[in-house]
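Engineer: Mind having a look at this structure? Questions to follow.
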Amino acid sequence: MNQTARSPFAPALRPALPSYVERNEHYWRRNLIVCVFGSFTTLVSLSMLLPFLPLCVQQLGVTSQSAVIEWSGIAFGATFLGTALTAPLWGRLADRYGRKPMLVRAAVGMAAVMSLIGVAHSVHQLVALRLIAGLVGGYASASTVMVGTQVPRERAGWALGVLSTGALAGSLIGPLVGGVLPGWLAGFATRSSRAAR
């Protein structure tokens with residue numbers, strides 16, 4: 001007779017909701033492909049400016065060779081400083097609102113800011129835009145967290161390795177693209193102007 005009577009006003013017991021891994025078990029491969037592609041393109045865009053960054057700084061009015069080197073280093077490092085400052089904030093928001101919205105936010109924010117870098121009129125604007133790119137970025141770390149939490153435990157090492165390969169490939173190919181692209185575009189513009197005559 002130690003049985004407790006259940007009150008008619010007590011909340012009904014609900015079945016346990018599936019975990020994050022269980023909800024995404026059918027989608028982790030697709031999400032991995034998207035995250036690898038996004039990490040690759042993000043790091044290509046961040047590092048492709050490196051080969052011609054000193055020329056860009058020079059065109060923005062810096063004349064001294066030592067100042068060109070100094071401002072180039074500041075502009076390149078500003079992005080990573082911004083990323084380091086805001087990474088905890090974006091991680092906290094990802095826990096609260098979800099990982100996918102943070103990936104979309106990072107991708108859209110970086111695309112907008114990186115597009116504005118091309119219209120910078122001073123070296124200070126260039127540094128500020130690179131800093132803002134870092135502040136709104138965080139795609140690579142957000143994708144690492146998302147992939148790490150969605151992938152089945154027995155495939156986690158492989159998936160995170162593939163994701164790292166995409167990010168590292170972007171870091172390696174970015175400067176190559178940055179070195180080849182200006183010459184290719186100049187040649188294309190020359191051929192186009194000759195064809196127009």
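Any read-out appearing in this document is the output of simple, stated calculations on the displayed coordinates, not a laboratory observation. In this text, all values refer to a predicted model and were calculated from it rather than measured experimentally. We place every Cβ from the backbone using ideal geometry, glycine too, and count neighbours over all the protein chains shown.
Engineer: What full-extension length gain, to one decimal in nm, is calculated for LYS100 and LEU160 as 0.36 nm per residue of separation minus the Cα-Cα distance?
Structural biologist: 19.9 nm
Engineer: Working from Cα positions, state the angle (0 to 90°, nearest 10) between the long axis of helix 156-196 and the longest principal axis of the chain.
Structural biologist: Orientation of helix 156-196: about 30 degrees from the principal axis.
Engineer: Among ILE173, ILE132, rank each residue by its count of other Cβ atoms within 10 Å, from fewest to most, as a rough exposure measure.
Structural biologist: Neighbour counts put them in this order, fewest first: ILE173, ILE132.
Engineer: Quick one: Cα centre-to-centre distance for region 149-177 and region 26-74, in angstrom?
Structural biologist: Region 149-177 and region 26-74 have Cα centres spaced 18 Å from each other.
Engineer: Using r as the Cβ-Cβ distance of LEU17 and SER115, and R0 as 45 Å, what FRET efficiency do you calculate, to the nearest 0.05?
Structural biologist: That pair, LEU17 with SER115, gives E of 0.65.
Engineer: Now, a different point. Please give the helix 28-47 orientation as an angle from the longest Cα principal axis of the chain, in degrees from 0 to 90, rounded to the nearest 10.
Structural biologist: Roughly 30 degrees, rounded to the nearest 10.
Engineer: For the chain, what is the calculated [θ] at 222 nm in deg cm²/dmol (nearest 500), taking -39500 (n - 2.57) for each run of four or more DSSP H residues and dividing by its residue count?
Structural biologist: -26000 deg cm²/dmol
Engineer: What net charge is computed for the residues neighbouring MET102, neighbours being all others with C-beta under 14 Å from the C-beta of MET102, Lys and Arg scored +1, Asp and Glu -1?
Structural biologist: Value of the local net charge: +4.
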